[in-house]
1. It is to be established whether one or more residues within region 129-147 are touching a Phe, Trp or Tyr at 6+ places or on another chain (Cβ under 7 Å), β-branched (Val, Ile, Thr), crowded, with 17+ Cβ neighbours inside 10 Å and in contact (Cβ under 8 Å) with a residue 24 or more places away in the chain.
2. Restricting attention to region 47-86, report how many residues are under 13 Å from Pro108 (Cα atoms) and part of a loop (DSSP other than H, G, I, E, B).
3. Within the group Cys59, Cys126, Cys75, Cys64, which residue is closer than 16 Å to Pro191 by Cα and under 15 Å from the mean Cα position of the chain (by Cα)?
4. Got at least one residue in region 56-74 being touching a helix residue (DSSP H, G or I) at 6+ places or on another chain (Cβ under 6 Å), buried (at least 19 other Cβ atoms within 10 Å of the Cβ) and more than 22 Å from Gly180 (Cα to Cα)?
5. Looking at region 114-131, can you tell me whether even one residue there is outside any strand (DSSP E or B) and over 22 Å from Tyr45 (Cβ atoms)?
6. Just a yes or no: is a residue in region 86-106 touching a Gly at 6+ places or on another chain (Cβ under 6 Å), buried (at least 24 other Cβ atoms within 10 Å of the Cβ) and modelled with pLDDT of 95 or more?
7. Is it fair to say Asp158 is surrounded by fewer than 19 Cβ atoms within 10 Å (Cβ to Cβ), over 21 Å from Gln39 (Cα atoms), modelled with pLDDT under 95 and under 15 Å from the mean Cα position of the chain (by Cα)?
8. Is region 190-202 home to any residue that is touching a Ser or Thr at 6+ places or on another chain (Cβ under 7 Å), at pLDDT 90 or above, in a loop (DSSP other than H, G, I, E, B) and not charged (D, E, K, R)?
Amino acid sequence: MNRPQMALWLGTALSVAFSAFGCTPGGVGDPCTPEDEYQPGFQGYGVGEVNIESRSFQCETRLCLVNHFQGRVSCPYGQNQATINTAAPESGARCHLPDGTGNVVTVPVDAQLMDRRSDDAVYCSCRCNGPDKNARYCDCPSGYSCTKLTPDLGLGGDQLAGSYCVRSGTQYDPIQTHLGDVCNAQLANCPSDNTSSASDNPP
């Protein structure tokens, strides 16, 4: 096996190992931009959902957690259809892909919620508990609590069901979260708080 093949094999093996057996807490809390955001037709996440990207190469833990977050990490203020129709692609009013190409997002995107900015809802995490008692789970570092986020549906082989390390004080409460309070470009009230993303709706 030559060196490139060996490197590819090791990378694949590590990815499978992290996904199947959990992960170490190193890197928990580091910022990440989910792979979904590299798609121009992705409208963003909904605050009522949890998304777990289990093979994220941005994270030492190989897991990027999107915990009840609205919109795109890389576009705090979002964009509506009118903006898409009238604003130039290089305009700061448009959402851009986070790959630095300058390519724009082609669909409407909700603005981030003031109560759940990406810094508190999207970051590298690891699975700290789950239904498989034979699996290896991580210990959450200081400042994080082991919180159940995804149910076991009883279908077998669900390697993502269970609890994850969540930043203390950021657990989602649908009653307390103010859904009407969103990032507003005119107020410039949401400078980027996730260092893995580009700044406010940049070209």
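1. The answer is yes, given that some residue of region 129-147 is touching a Phe, Trp or Tyr at 6+ places or on another chain (Cβ under 7 Å), β-branched (Val, Ile, Thr), crowded, with 17+ Cβ neighbours inside 10 Å and in contact (Cβ under 8 Å) with a residue 24 or more places away in the chain.
2. The number of residues fulfilling the criteria is 5.
3. Selected residue: Cys75, the only one of Cys59, Cys126, Cys75, Cys64 that is closer than 16 Å to Pro191 by Cα and under 15 Å from the mean Cα position of the chain (by Cα).
4. yes
5. Yes, there is a match, as at least one residue in region 114-131 is outside any strand (DSSP E or B) and over 22 Å from Tyr45 (Cβ atoms).
6. No: region 86-106 contains no residue that is touching a Gly at 6+ places or on another chain (Cβ under 6 Å), buried (at least 24 other Cβ atoms within 10 Å of the Cβ) and modelled with pLDDT of 95 or more.
7. no
8. Among the residues of region 190-202, not one is touching a Ser or Thr at 6+ places or on another chain (Cβ under 7 Å), at pLDDT 90 or above, in a loop (DSSP other than H, G, I, E, B) and not charged (D, E, K, R), which makes the answer no.
The values are calculated or read from the model by the stated rules, or taken from the named source; none is laboratory data. All values derive from a computational prediction rather than experimental measurement. Neighbour counts run over all protein chains shown; Cβ positions are idealised from the backbone, glycine included.
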